[in-house]
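Written out below as structure tokens is the structure these notes cover.
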Amino acid sequence: MGTAPTLVAPPLVAAPQPRVPLPGGPGAVTASRSPLRVPWPGASPGATVPATGTGGRPPPAAPWGGPGCAGVLARGSRGGPQPDASSSAPCRFQKHVHTYRILPDDEDFLAVQTSQGVQVRRFKTLGELIALYLQPNQGLVCTLLFAVEREKEKESAEDRDYSGTRGGPSYPPPTLGVSVPAGAGAVTPTLAPLCPSPCPHGVPITNGLTSISHEYLKGSYTLDLEAVRAGASSLPHLNKTLVTSCKRLHSEVDKVLAGLEILSKVFDQQSSPMVSKILQQVPTVPTALGWQGGALKALQEMSSATPAPPAQPLSRKAKSIPVQTFEVKLDVTLGDLTKIGKSQKYTLSVDVEGGKLVVLKKQKDSQEDWNTFTHDKIRQLIKSQRVQNKLGIVFEKEKDKTQRKDFVFVSARKREAFCQLLQLMKNKHSHQDEPDMISIFIGTWNMGSVPPPKSITSWFTSKGLGKTLDEVTVSIPHDIYVFGTQENSTGDKEWVDFLRAVLKDFTEIEYRPVAMQSLWNIKVVVLVKPEHENRISHVSTSSVKTGIANTLGNKGAVGVSFMFNGTSFGFVNCHLTSGNEKTARRNQNYLDILRLLSLGDKQLSSFDISLRFTHLFWFGDLNYRLDMDIQEILNYISRKEFEPLLKVDQLNLEKEKHKVFLRFAEEEITFPPTYRYERGSRDTYVWHKQKPTGVRTNVPSWCDRILWKSYPETHVNCNAYGCTDDIMTSDHSPVFGSFEVGVTSQFVSKKGLSKSSEQAYIEFESIEAIVKTASRTKFFIEFYSTCLEEFKKSFENDSQSSDNINFLKVQWSSRQLPTLKPILSEIEYLQDQHLLLTVKSLDGYESYGECVIALKSMIGSTAQQFLTYLAHRGEETGNIRGSMKVRVPAERMGTRERLYGELGGGVWGGFWGWGGGGGGRSSGGEWLRAMGLERYEQGLLHNGWDDLEFLSDITEEDLEEAGVLDPGHKRVLLESLQLRK
């Protein structure tokens with residue numbers, strides 16, 4: 001159950017009516033049946049809705065609907081959790097506040113609290129309760145009408161702009177007043193807002209109670225309390241609040257009284273009653289200000305006693321995570337093993353809430369030897385690349401002294417769960433204001449043009465087949481959820497509301513919409529935790545049609561991009577051409593989307609979207625099929641042998657040919673093909689489909705995929721990749737992916753702008769590029785980066801040569817290359833930055849290739865070598881190498897501890913650079929994947945070249961024997977190994 005909501009009551013003044021007994025509430029009060037029309041919370045300004053009653057005469061609407069009670073009722077109406085025992089719905093009538101308390105009993109039935117001796121009426125849901133009290137003669141001053149949304153959620157989905165650059169949310173102020181029907185002979189009063197000046201953050205003050213109670217208790221109350229603790233004899237913030245609120249009393253008397261009464265109840269919890277006399281008078285500014293004495297006394301008593309926690313906005317408490325224990329073995333060398341006799345068993349207990357890790361060594365005779373490490377003493381995690389269930393942990397033993405221990409977990413899933421919990425613990429207890437790591441859920445689902453089932457929780461929680469989350473971490477909410485759907489016939493607003501409701505039921509968090517973009521029935525929705533909402537900026541959306549003649553939107557893509565603090569993200573959901581034989585058409589769809597989707601920084605128009613973002617995720621119904629006989633496919637699936645099928649997967653084959661998704665990554669597929677199932681079953685594939693042109697064969701295939709591409713030396717790790725097995729409304733199974741992603745903050749220098757003596761410089765000694773062209777024109781290079789004030793250009797190359805008619809080698813010396821000056825010189829800032837380069841011809845200013853270089857490895861007093869590939873419009877067009885250094889002055893060399901770090905090339909154990917994970921030998925497979933040449937991995941492994949330590953001695957003949965026959969690829973591999981030496 002959550003904490004009691006803060007309740008507000010908009011004013012409602014009714015004429016005196018006959019009194020009737022009230023089951024709940026203090027004393028005898030009035031039940032009004034006058035034909036009033038009242039403003040409806042959440043409606044546009046001036047809009048009213050009639051209350052319902054008998055004989056066509058509506059009773060007054062419930063004079064409540066503020067963020068507190070409204071939130072409680074809204075949860076109930078949507079089938080969510082019911083209000084807790086202290087939830088109440090106040091209404092004010094004849095200068096008195098009457099509170100209807102809605103209480104759950106032991107069986108979770110709801111009832112309005114009644115006086116002693118009055119029979120209690122019980123209800124299963126809030127909807128049933130409200131329905132009864134809609135009827136006349138139920139004894140309430142005002143009937144309970146409808147559950148309404150929280151005040152800050154009044155903006156309807158139709159009005160909400162899901163696209164474009166995000167600013168602060170703004171809401172139209174509702175009209176305050178009571179509208180009497182025409183002909184009633186009454187005048188409609190218009191109530192001026194209490195706040196005489198524009199309200200902060202663009203959120204209007206809707207009534208006097210909000211002005212007096214909410215704003216003071218939410219913000220200034222704690223300041224006054226601190227002042228009293230420091231010995232102050234006045235309450236300046238309360239004084240200012242009261243003066244502002246009382247300037248326009250006149251017609252606002254009732255509202256101010258209601259506010260004072262609620263505020264007095266807060267102080268009465270700490271001291272004796274103070275304002276009962278004031279509530280019996282018509283207050284003036286002096287009397288209201290005089291009331292401060294009692295408030296001051298209450299605060300003084302509070303400051304001398306145990307301080308009460310400050311008032312907090314209504315929110316559900318996040319689920320606490322219990323202590324989790326992992327059984328591991330200490331990994332030791334062969335020499336150590338001979339000393340100790342056998343591998344030692346340990347238990348690792350992670351206390352996320354307490355912020356500590358307990359390492360317990362099991363010994364003979366039930367003795368235990370244990371050490372406790374607080375979150376700040378855990379310096380680093382290093383994941384082994386060769387042994388998937390092995391993890392190195394670096395502990396701080398003494399100041400500036402560390403100790404590393406390697407542990408072997410029961411499985412790779414257990415290792416990932418442990419790392420996630422430790423990351424969560426570090427985030428929770430770190431003194432850093434901004435996160436270094438966030439978790440992202442990505443889902444893709446072809447819904448088959450039918451509505452979703454009521455429960456799709458397995459999709460959100462990555463449960464089903466394939467690589468799934470460990471049960472320890474499955475309930476931890478992600479920071480960002482991204483949902484891509486195809487053939488989704490649900491309306492945009494309805495779909496967003498449905499996703500948010502399902503997430504709220506599961507996580508108890510009100511996720512905020514970042515963006516929603518649709519193209520016909522292709523949709524992408526991005527939802528974020530409320531705590532991250534202000535970290536997101538520069539939101540943009542786009543769509544591309546690739547249907548018939550590229551004019552129909554039945555096929556195509558939708559995309560969303562934004563900045564999360566200092567990290568750029570792009571998300572693309574696509575539905576490509578169907579049909580086993582349409583591989584070339586699908587390839588062209590991809591290239592069209594890559595070229596035409598307008599996302600990200602417009603200054604990077606020279607670069608396609610695969611290079612515009614720190615992290616780009618591309619997912620959807622890609623429709624690539626398996627090139628194998630149907631019966632063979634079914635036989636392999638029945639035996640759960642997926643490796644032979646993946647070798648004939650069209651997407652994998654086209655990627656190996658570098659025709660699509662150049663340098664994109666995809667987690668290993670360990671789940672069965674997600675298409676084409678018989679609807680209502682996950683046991684039967686249906687491969688014949690009746691079309692107007694005849695019968696089409698659709699072999700079972702992995703049509704639904706999630707791929708990603710990230711800048712070098714950044715961190716991204718896929719913790720889950722699979723499909724559900726219990727959502728059967730479509731002929732596709734939903735696919736899920738769970739990622740942990742490194743992010744950077746919006747860096748602010750603590751030392752101010754750099755002086756000329758403290759300026760950092762990016763200097764190039766030389767650059768050489770091999771570009772795919774038969775032209776012999778001159779070239780120049782453009783340099784782009786967020787760390788530069790503007791892009792810079794080199795002079796034209798000073799030498800060039802050609803050994804192949806289709807390729808040209810162009811070279812720049814240091815004289816032709818610019819010295820770049822970053823806008824900030826701190827090493828902590830520069831190590832997160834990247835340079836984008838584009839090689840352009842001098843005659844037509846056309847780009848012949850683009851690339852990205854991480855500055856992290858280039859920082860130092862001596863020049864460092866770099867080598868990477870060039871690509872243009874999705875095609876590899878050459879490679880580029882050079883020598884450069886990032887010179888950082890000593891005054892700007894300070895760094896902070898990161899929640900994920902670097903050791904031996906690993907970023908929290910990921911492979912980013914030349915190192916290997918886990919302190920073991922570096923993996924040749926990882927090296928090849930970093931180069932985009934993973935196709936040669938099997939050949940090298942077969943010939944015994946499985947480790948970079950050995951690969952450094954490989955020759956051109958060895959590469960040819962391993963199947964590396966392409967001259968360009970041989971050159972790239974040999975040169976990269978030479979650079980490594």
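The values are calculated or read from the model by the stated rules, or taken from the named source; none is laboratory data. None of the values given here were measured: they were computed from a predicted structure. Methodologically, a virtual Cβ is constructed for each residue, glycine included, from the backbone with ideal geometry; neighbour enumeration extends over all protein chains shown. Just so you know, the surface numbers come from the protein's heavy atoms only, side chains and all, with ligands and any DNA or RNA stripped out. Shrake-Rupley method; radii C 1.70, N 1.55, O 1.52, S 1.80 Å.
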Report, by residue number, each residue of the stretch 431-472 that is assigned to a loop (DSSP other than H, G, I, E, B) and among the β-branched types (Val, Ile, Thr).
Val450, Ile456, Thr461, Thr468, Val472
Checking the condition open to solvent by less than 50 Å² (accessible area, probe 1.4 Å), out of contact with any Lys or Arg (no Cβ under 8 Å at 6 or more places or on another chain), modelled with pLDDT of 95 or more and not in a loop (DSSP other than H, G, I, E, B), which residue from Phe569, Phe562 passes?
Phe569
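Residue-wise test of (1) of a type in the set (Lys, Arg); (2) under 30 Å from Leu381 (Cβ atoms); (3) under 24 Å from the mean Cα position of the chain (by Cα).
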site	(1), (2), (3)
Asn652	no, no, no
His658	no, no, no
Glu667	no, yes, yes
Pro673	no, no, no
Asp683	no, no, no
Lys689	yes, no, no
Thr693	no, no, no
Tyr711	no, yes, yes
Within the stretch 941-957, restricting attention to residues that are in contact with a helix residue (DSSP H, G or I) (Cβ under 9 Å, 6 or more places away or on another chain) and at pLDDT 75 or above, which residue is surrounded by the most Cβ atoms within 10 Å (Cβ to Cβ)?
Ile954
Members of the stretch 501-528 that are outside any strand (DSSP E or B) and open to solvent by less than 30 Å² (accessible area, probe 1.4 Å)
Val502, Leu503, Lys504, Thr507, Tyr511
For Asp406, all conditions in the list (1) surrounded by fewer than 20 Cβ atoms within 10 Å (Cβ to Cβ); (2) among the acidic types (Asp, Glu); (3) part of a strand (DSSP E or B); (4) in contact (Cβ under 8 Å) with a residue 40 or more places away in the chain hold save one; what is the number of the exception?
(1)
Do we find that Ala557 is among the hydrophobic types (A, V, I, L, M, F, W, C), farther than 19 Å from Tyr481 by Cβ and open to solvent by 20 Å² or more (accessible area, probe 1.4 Å) in this structure?
no
Look at Glu434 and say whether it is over 19 Å from the mean Cα position of the chain (by Cα) and open to solvent by 10 Å² or more (accessible area, probe 1.4 Å).
no
Pair list, Cβ under 6 Å, 6 or more apart: the stretch 714-729 residue within 18 Å of Leu469 (Cα to Cα) and part of a strand (DSSP E or B), other residue of a type in the set (A, V, I, L, M, F, W, C) and at pLDDT below 95:
Ala720/Leu469
Which number in (1) of a type in the set (A, V, I, L, M, F, W, C); (2) open to solvent by less than 10 Å² (accessible area, probe 1.4 Å); (3) touching a strand residue (DSSP E or B) at 6+ places or on another chain (Cβ under 8 Å); (4) within 19 Å of Thr577 (Cβ to Cβ) marks the one condition that Trp687 misses?
(2)
Do the conditions hold for Leu788, that is, is it under 21 Å from Lys602 (Cβ atoms), in a strand (DSSP E or B) and not hydroxyl-bearing (Ser, Thr, Tyr)?
no
Listed by first then second residue, the pairs whose first member lies in the stretch 801-816 and is within 11 Å of Ala769 (Cα to Cα), whose partner is of a type in the set (Lys, Arg) and modelled with pLDDT under 95, with beta carbons under 7 Å and at least 6 positions apart or on separate chains, are Phe807/Lys772; Leu808/Arg776
Checking the conditions here, which among Thr541, Thr577 is farther than 30 Å from His715 by Cα and open to solvent by 10 Å² or more (accessible area, probe 1.4 Å)?
Thr577
Can you tell me which residue within the stretch 798-841, out of those that are of a type in the set (D, E, K, R) and over 43 Å from the mean Cα position of the chain (by Cα), is most open to solvent (accessible area, probe 1.4 Å)?
Arg815
